[in-house]
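Right, one structure below, let's go through it.
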Amino acid sequence: MKSYMIIGQYVPGHSFIHRLDPRTKLMIIFTFVFIVFFANNLVSYSWLTLFAFAAVLLTQLRLGYIIKGITPVWFLIVFTLLLHIIVTKEGPILLEIGSFAIHQGGIERGLMISWRFMLLVLVTSLLTLTTAPMEITDALEMLLGPFKKLRIPVHELALMMSISLRFIPTLLDETEKISKAQASRGVDFRTGSMKSRIYAIVPLLVPLFISAFKRAEDLAMAMEARGYRGSEGRTKLRQLQFKRIDYITAIVYLAVMIMFLFLRQ
Amino acid sequence: MEITFKDVSYTYQPNTPFSHQALTNMNLTIRDQEFVAVVGHTGSGKSTLLQHINGLLIPSSGEVQIGSFVLSKGQKKQDLKKLREKVGVVFQYPEHQLFEETVERDIRFAMENFHIPKEDIQPRIMEALAQVNLEEEVLAKSPFELSGGQMRRVAIAGVLAMKPEVLILDEPTAGLDPQGQQAIMDLFYRIHKERGTTTILVTHQMADALAYADRIIVLAKGSMLMEGTPEQVFANPDLLAEANLDMPEVLTLLNHFEERFGIHIAYQRQSAHDLAKEMIEKLRET
Ligand SMILES: Nc1ncnc2c1ncn2[C@@H]1O[C@H](COP(=O)(O)OP(=O)(O)O)[C@@H](O)[C@H]1O
Ligand SMILES: [Mg+2]
């Protein structure tokens, strides 16, 4: 893996945000995603932005790195902005070129929506940047625990998720190794016609699938050998426990959100 | 082909929290037709070093010269295929690169990519197959029906069939049984002697480094800790320990022998059998 950059890839650390219980982070982000949609004026937007940037500061990660991590999304944000500017026909006309007009309403709405979008991406990427994948799955499993009563296989779903997350780096590693091996055998992944580049993928995919199946088989065997039988009666090695910083964070977050309700129109 | 590293440093994932400098200011020259062993602890940068030799990695700073090819960061794109045709690489667990429907097609794969003349291909396949000691019957089989050791041989045959001028071996015997290891190392040594192939071997087995290499390069934490002939390198147990490496067993034995009986026997790549005879003779004399 490693030479690829993964959006919001976990960066181990000991910052305030890193130390929060993953459930706290999940709940905050989950509610934040909804709350963002209720912002409707400059003050309320700025308030949420302030909150997001305070969170960024608390992660002790370099802002440059975080921004770079969401680069692929920048394109979407700009696209949304342009779309709204072109499509919306509200408010006074600011600029007119032939039959094409830019309205003030379009600019306002475009800015609002893309701002919203940016806040969402920024805050959710903080979750994955500061929380190990396994922590996220554990937290999800606990938070969704009540749904077991509805016969939803929460434990199994969480296990599937953690296994997939666990093997992403392994598969990327494998991909890099095999593509290097095939490049040494004269495969050219970078140049040539579309057709030849598609053919170049076969020597990469076949070994990759074979090793993925082999790994899956080994894993299943190892789990069975150790007596894995699903969630029934299973206890956890890592118990999640809310600590003081979680209570403090929850109170501060609540205060921020109450303030937000006053700030919006 | 002569290979030169000039002040080569390499950083994985620069400008991220994961950035990791795997090579620091490497300077070294590997002469034409030389057999060099690269040893070092896991993570010392051996594979990173090797991957510079066929352009899989380009130095973050400094330059690598392989024959007439120069690889450095500022350079404009060049045809790396020409380089890769001359530099054969046997990766760790090379059997993981097999993908074709039959063994024959897999061995043929590199030759076709590098446009070896059609009429040459078949004889080269047969020759390579004989070299790795596989029967002709396997040619029509799927590589995935074979045993692990046979798959390894198929992968190696694919590299040898290219008749590379430089052979890069990244722990080529890892995971094989002792006889298999011996057979494969003997094969590479024979090819090195017969074809004058410049050979660079990464190994954890000090005995192999001692037995085959003209020169040993010891890496530690991405820098060169030591280099020299096997005699020079293994005369330095303290530095070796610093790199987390062991002495070859046979040298340890000879040292103990000398301590115990006061008889010096020089190691000259004797087999265990010959060495034992020599010891008995020397002991009789006294
Ligand atoms: N693709 C990669 N991305 C990031 N770091 C890497 C990558 N490959 C190797 N490294 C790191 O570089 C160092 C040297 O690796 P490597 O050259 O593979 O060592 P060796 O072959 O001696 O075991 C190790 O610390 C390893 O973790
Ligand atoms: Mg290695």
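Pairs meeting the criteria (first residue in the stretch A:168-181 and farther than 17 Å from A:PHE213 by Cβ, second residue polar (S, T, N, Q) and away from ligand 2 (no atom under 15 Å from the Cβ), beta carbons under 7 Å, at least 6 apart or on different chains) are A:GLU176/A:SER3; A:ALA181/B:GLN97. B:MET151 passes every criterion in (1) open to solvent by less than 20 Å² (accessible area, probe 1.4 Å); (2) farther than 26 Å from B:SER271 by Cβ apart from (1).
Looking only at the stretch A:188-225, residues that are within 22 Å of B:VAL87 (Cα to Cα) and at pLDDT 90 or above come to 2 in all.
Here is a yes/no grid of residues against (1) within 14 Å of chain A (Cβ to nearest Cβ); (2) open to solvent by 60 Å² or more (accessible area, probe 1.4 Å); (3) under 30 Å from A:PRO12 (Cα atoms):
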| site | (1), (2), (3) |
| --- | --- |
| B:ASN27 | no, yes, no |
| B:THR42 | no, yes, yes |
| B:GLN51 | yes, no, yes |
| B:LEU57 | yes, no, yes |
| B:GLU63 | no, no, no |
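The set of residues in the stretch A:33-50 that are of a type in the set (Val, Ile, Thr) and loosely packed, with under 15 Cβ neighbours inside 10 Å comprises A:VAL33, A:VAL43.
Among the numbered conditions (1) over 12 Å from the mean Cα position of the chain (by Cα); (2) on the phi < 0 side of the Ramachandran plot, the only one that B:THR197 does not meet is (1).
Within the stretch B:89-98, if we keep just the residues that are farther than 16 Å from A:GLU176 by Cβ and surrounded by 22 or more Cβ atoms within 10 Å (Cβ to Cβ), the residue that is farthest from the other protein chains (Cβ to nearest Cβ) turns out to be B:VAL90. For the stretch B:219-265, the set of residues classified as closer than 20 Å to B:ALA37 by Cβ and in a loop (DSSP other than H, G, I, E, B) consists of B:LYS221, B:GLY222, B:THR229, B:ALA235, B:ASN236, B:ALA243, B:ASN244, B:LEU245, B:ASP246, B:MET247, B:PRO248, listed by residue number. The number of residues in the stretch B:265-286 being surrounded by fewer than 15 Cβ atoms within 10 Å (Cβ to Cβ), modelled with pLDDT of 85 or more and closer than 26 Å to B:ALA213 by Cα comes to 4. Given the structure, is A:LYS195 more than 14 Å from chain B (Cβ to nearest Cβ), within 20 Å of A:LEU140 (Cα to Cα) and open to solvent by 50 Å² or more (accessible area, probe 1.4 Å)? So A:LYS195 fails the test.
Among residues of the stretch A:218-242 that are exposed (fewer than 10 other Cβ atoms within 10 Å of the Cβ), those with a Cβ under 9 angstrom from a residue that is among the aromatic types (Phe, Trp, Tyr), sequence gap 6+ or separate chain, pair up as A:ARG234/A:TYR228.
Just name the residue that is nearest to B:MET206 (Cα to Cα) out of those in the stretch B:165-179 that are more than 16 Å from ligand 2 (Cβ to nearest atom) and open to solvent by 10 Å² or more (accessible area, probe 1.4 Å).
Step one: filter the stretch B:165-179 for residues more than 16 Å from ligand 2 (Cβ to nearest atom), giving B:165-167, B:176-179.
Subsequent filtering for residues that are open to solvent by 10 Å² or more (accessible area, probe 1.4 Å) retains B:165, B:176-179.
Values: B:GLU165: 25, B:LEU176: 16, B:ASP177: 17, B:PRO178: 14, B:GLN179: 17 Å.
The selected residue is B:PRO178.
Taken over the stretch A:51-104, the criterion of being away from chain B (no Cβ under 14 Å), surrounded by 11 or more Cβ atoms within 10 Å (Cβ to Cβ) and of a type in the set (Gly, Ala, Ser) is satisfied by A:ALA52, A:ALA54, A:ALA55, A:GLY91, A:ALA101.
The values are calculated or read from the model by the stated rules, or taken from the named source; none is laboratory data. Computed from a predicted model, the values in this text were never measured in an experiment. Because the Cβ atoms are built from the backbone with ideal geometry, glycine has one as well, and the counts that use them run over all protein chains shown. Quick note on the areas: whole protein, heavy atoms, side chains included, nothing else; ligands and nucleic acids left out. Shrake-Rupley method; radii C 1.70, N 1.55, O 1.52, S 1.80 Å.
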